[in-house]
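For reference, the structure discussed in these notes is given below.
The values are calculated or read from the model by the stated rules, or taken from the named source; none is laboratory data. For clarity, every value in this text was computed on a predicted model and none was experimentally measured. For neighbour counting, all protein chains shown are included, and Cβ atoms are generated from backbone atoms with ideal geometry for every residue, glycine included. Side chains included, ligands, DNA and RNA excluded: accessible areas come from the protein's heavy atoms. Shrake-Rupley method; radii C 1.70, N 1.55, O 1.52, S 1.80 Å.
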Amino acid sequence: MNITIIGVGKIKEKYLKLGIDEFSKRLTKYCKLDVIELDDEKCPENLSEKDMLIVKGKKILSKIKNNSYVIALAIDGKNLSSEELADTMSKLAVRGNSHITFVIGGSLGLSDEVLKRADYKLSFSKMTFPHQLMRLILLEQVYRAFRINNNEPYHK
């Protein structure tokens, strides 16, 4: 399986980089992982938040492959347990979806165009998390899903 994570914004915090690197390394046993980090580009000050989202949305959309099943992380998405995420990923693979792209927005979230392109909207909580931290949490949950699907032990 191919997993792509598209995230807006650079990871600057060393502790987050270490965690992201660790789970990326662990995932090599289960999938081909590609993490695409887009610049949280500066837009002209006179642009509205909606226009900024459109600009950033076009960059995200340009990185999504046509054959990829897209899961957008969105606060209004569906909440799943770790086991339900594992089951969802397993069912996608069985149906022939060998490429899953997860999209994490920046500080403004995701544009309507990106949300429309998404095949599924996933929420980790009703709370808002920094997008940098979300990348680490997502990688850990994807790793956990592979462990669950392979009947391998992992702490609960």
Note the full-extension length gain between Asn97 and Asn151 as 0.36 nm times their separation in residues minus their Cα-Cα distance, in nm to one decimal. 17.3 nm
Residues in region 25-39 that a label on Leu133 would reach, taking backbone N under 11 Å of a point 7 Å out along Cα→Cβ: none
Subtracting the Cα-Cα distance of Arg26 and Lys58 from 0.36 nm times their residue separation yields 8.4 nm
To the nearest 10 degrees, how steeply does helix 82-94 sit against the main Cα axis of the chain, on a 0 to 90 scale? 90
For all pairs of alpha-carbon atoms in region 93-156, what percent lies in each bin of width 5 Å, listed from the first bin to the last filled one? 3, 12, 21, 24, 19, 13, 6, 1
Please report the carbon-and-sulfur percent of the accessible area for the chain; probe 1.4 Å, protein heavy atoms only, DNA, RNA and ligands left out. 51
Could you sort Ser81, Ser98 by accessible area so the largest value comes first, with the probe set to 1.4 Å? Ser98, Ser81
Between [x] 15.0, 45; [y] 18.2, 55; [z] 15.4, 53, which entry matches Rg and Dmax of the Cα atoms in Å as derived from the coordinates of this structure? [z]
Exposure of His99 as accessible area (Å², to 10), given a probe of 1.4 Å and all protein chains: 20
Before anything else, pin down the relative contact order of the chain: Cα pairs under 8 Å, at least 6 apart, normalised by residue count, whole percent. 35
Taking amide H positions as placed in the peptide plane 1.01 Å from N, state which residues far from Ile5 in sequence (5 or more) or on other chains have amide H under 5 Å from it. Asp34, Val35, Ile36, Phe102
Per residue, how much accessible surface does the chain expose to a 1.4 Å probe? Answer in Å², no decimals. 58
Is there a quick way to get the dipole size of the chain? I mean about its Cα centre, with the Cβ of Lys and Arg at +1 and of Asp and Glu at -1; what is the value in debye to the nearest 20? 360
